[in-house]
Amino acid sequence: MIDKQRAAGIADAYLEKIAARLDDPVEIIESQEKPEGWVFFYESRTYLETQNLSAMLAGNAPFLVSREDGTLHLLSTAKPLEDALAEALASSARPAPGA
């Protein structure tokens, strides 16, 4: 079992990899605690600072850091959050690349 602080560290490490690929820092804009773990949402710092729509990320799916073991799962943006969580945990599909 991991705690919220460890989950946030895992999330930050994953987002550092994304930021390096994009050559633009990204920031967590929201986190939600769920029974399964913590869900993190993120956006580019440039967009957050400028509100310039061309700097807004596309395809930045939220992700879950599992409370059980710290595994990171990408979540679908095409479904309500609770359905995306259930799908990710049931199939362990879409593990985050490079996580």
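Just so you know, all these numbers are worked out from the coordinates, no wet-lab data involved. As the structure is a computational prediction, the values presented were derived from the model and not from experiment. For neighbour counting, all protein chains shown are included, and Cβ atoms are generated from backbone atoms with ideal geometry for every residue, glycine included.
Quick look at the numbers
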{"quantity": "Gain on full stretching of the segment that runs from residue 33 to residue 13 - 0.36 nm per residue minus C-alpha separation", "calculated": "5.3 nm"}
{"quantity": "In order through segment 52-65: 3J(HN,Hα) via Karplus (6.51 cos²θ - 1.76 cosθ + 1.60), integer Hz, x for Gly, Pro", "calculated": "6, 4, 5, 8, 6, 6, 10, x, 7, 5, x, 9, 9, 9"}
{"quantity": "Normalised convex hull volume, segment 10-97, alpha-carbon set, Å³ per residue", "calculated": "93 Å³"}
{"quantity": "Residue-wise HN-Hα coupling along segment 72-87, computed from phi with Karplus coefficients 6.51, -1.76, 1.60 (Hz; x: Gly, Pro)", "calculated": "9, 10, 6, 10, 5, 9, 8, 9, x, 3, 4, 5, 5, 4, 4, 5"}
{"quantity": "Expected 222 nm ellipticity per residue - DSSP helices of 4 or more, -39500 (n - 2.57), all of the chain, to 500", "calculated": "-11500 deg cm²/dmol"}
{"quantity": "Leading residue at positive end of dipole, the chain (Cβ point charges), from 65, 39, 91", "calculated": "91"}
{"quantity": "Charge context of residue 38, other residues only, Cβ under 15 angstrom, K/R +1, D/E -1", "calculated": "-4"}
{"quantity": "Sparse-neighbourhood loop sites, GluC sites (Glu not before Pro) in segment 11-96 - DSSP loop, at most 15 other Cβ within 10 angstrom", "calculated": "68"}
{"quantity": "Cα-centre dipole for segment 40-89 with unit charges at Cβ (Lys and Arg positive, Asp and Glu negative), debye to 20", "calculated": "160 debye"}
{"quantity": "Dipole moment magnitude, nearest 20 debye, segment 4-91 about Cα centre, only Lys, Arg, Asp, Glu C-beta charged", "calculated": "100 debye"}
